[in-house]
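Below is one structure, written out as structure tokens; the observations come after it.
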Amino acid sequence: MSYISIKNVSKRFIRRGQWTEALRNVHLEIDEGSFVSFIGPSGCGKSTLLRIIGGLMEIDDGEISIGGRSPLEMQSAKQFGFVPQAPALFPWRTVLQNMKIPFEVNRKYNARNEKEQTDPIELLQSVGLGDFLHAYPKELSGGMKQRVGIARAFATGAPILLMDEPFSALDEITREVLMLQLMRIWEHHKKTVVFVTHSLQEAVYLSDKVVVMSSRPGRISNIIDINLPRVRDESIIGTEDFR
Ligand code: ADP
Ligand code: ADP
């Protein structure tokens with residue numbers, strides 16, 4: 001039994017009186033605890049599919065369930081952590097204070113079993129920000145802000161993380177460092193991750209499963225199971241230089 005089950009899902013948008021198909025008859029099964037990437041040309045429906053999984057958008061046809069519940073139920077039970085292209089950080093708060101935002105806006109996070117929440121300091125250390133706990137966002141580079149966004153999504157304890165091109169605005173080296181850090185915390189915290197990207201390198205490096213979408217309105221053209229061991233050897237990219 002798969003965890004996220006997407007059956008025959010279609011989605012259309014109307015714009016200036018014209019219908020655009022964003023997804024057509026999408027079938028997809030995602031296992032619990034797996035890392036899945038959606039890749040494909042711009043406009044192929046990746047973000048739409050991600051938003052549908054996250055309960056932020058309704059479907060026109062088909063069925064979607066996550067552990068037997070609807071995306072909307074999962075959303076209101078705060079089962080998703082979301083990492084956008086550029087995370088929203090409050091400029092008047094330190095890095096550590098920014099980590100607390102999800103808990104302040106959602107009492108449900110607070111109500112959660114302590115065990116499920118993850119120590120924010122530990123998470124910031126694991127993404128190389130241990131020396132920046134009390135820094136303000138304006139003191140951080142783009143890559144560092146992105147790391148706060150990732151650490152914050154993990155801190156909520158939400159079992160499913162949805163990431164929409166989180167590395168697309170970063171240079172190549174920063175991206176490689178973040179990929180490694182993401183892989184490390186993912187392996188440690190065992191969440192289901194759905195990751196939208198334009199980058200084949202990111203998809204292959206990070207995923208258990210790569211879903212290749214076609215620009216013919218929102219169809220899956222291939223699903224690739226990555227059976228190769230991931231590249232985990234830190235010496236290859238020397239992250240220590242980026243602390
Ligand atoms: P991707 O993330 O792969 O770039 P999207 O899921 O954003 O693709 O978009 C898929 C298609 O749906 C595109 O043709 C896009 O223009 C259209 N689309 C997405 N969101 C909306 C919206 N809110 N209103 C109208 N059209 C939309
Ligand atoms: P970028 O996004 O600019 O490529 P990274 O996020 O990869 O940068 O950061 C590279 C390293 O440079 C950081 O780990 C940190 O040690 C250092 N660094 C970047 N910006 C600052 C800053 N404003 N203050 C102190 N150190 C910084």
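Only protein heavy atoms count here; under a 1.4 Å probe, Val105 has an accessible surface of about 100 Å². Cross-link pairs exceeding 27 Å between alpha carbons, from the set Lys46/Lys190; Lys11/Lys145; Lys46/Lys78; Lys11/Lys78; Lys145/Lys191: Lys11/Lys145.
For the chain, a crude dipole built from +1 on the beta carbon of Lys and Arg and -1 on the beta carbon of Asp and Glu, taken about the Cα centre, is about 840 debye to the nearest 20. Which of Thr20, Met74, Ala135 sits closest to the plus end of the dipole of the chain, meaning its Cα is farthest towards the positive end, when Lys and Arg get +1 and Asp and Glu get -1 on the C-beta? Ranked along the dipole, the leading option is Thr20.
At a probe radius of 1.4 angstrom, the accessible area of the chain per residue rounds to 50 square angstrom. The order of Phe82, Phe195 by accessible area, most exposed first and with a 1.4 Å probe, is Phe82, Phe195.
Taken over the stretch 172-213, the ratio of Cα radius of gyration to 2.2 N^0.38 Å equals 1.14. In terms of its alpha-carbon gyration tensor, the stretch 124-189 comes out oblate; a/c meets the 1.5 threshold, while b/c is at least as large as a/b. Each residue was assigned an accessible area with a 1.4 Å probe, and for Trp186 the value is about 10 Å². Which is farthest toward the positive dipole end of the chain among Thr174, His188, Gln146, measuring Cα position about the Cα centre, with Cβ charges +1 (Lys, Arg) and -1 (Asp, Glu)? The Cα lying farthest towards the positive end belongs to Gln146. Determine the share of the chain's accessible area contributed by carbon and sulfur atoms, expressed in whole percent, with a 1.4 angstrom probe. Reported share for carbon and sulfur atoms: 51 percent. Sorting Tyr205, Tyr136 by solvent-accessible area of protein heavy atoms yields Tyr136, Tyr205, largest first, with a 1.4 Å probe.
Helical runs assigned H by DSSP (4 residues or longer) give the chain a calculated mean residue ellipticity at 222 nm of -8500 deg cm²/dmol, each run adding -39500 (n - 2.57) before division by the residue total. Spherically averaged projected area of the convex hull of Cα atoms, the chain: 13.8 nm².
The values are calculated or read from the model by the stated rules, or taken from the named source; none is laboratory data. Please read these numbers as outputs of a predicted model, since none were measured by experiment. Don't worry about glycine lacking a Cβ; one is built from the backbone with ideal geometry, like all the others, and counts go over all protein chains shown. Remember, those area values only see protein heavy atoms, side chains included, never the ligands or the DNA or RNA. Shrake-Rupley method; radii C 1.70, N 1.55, O 1.52, S 1.80 Å.
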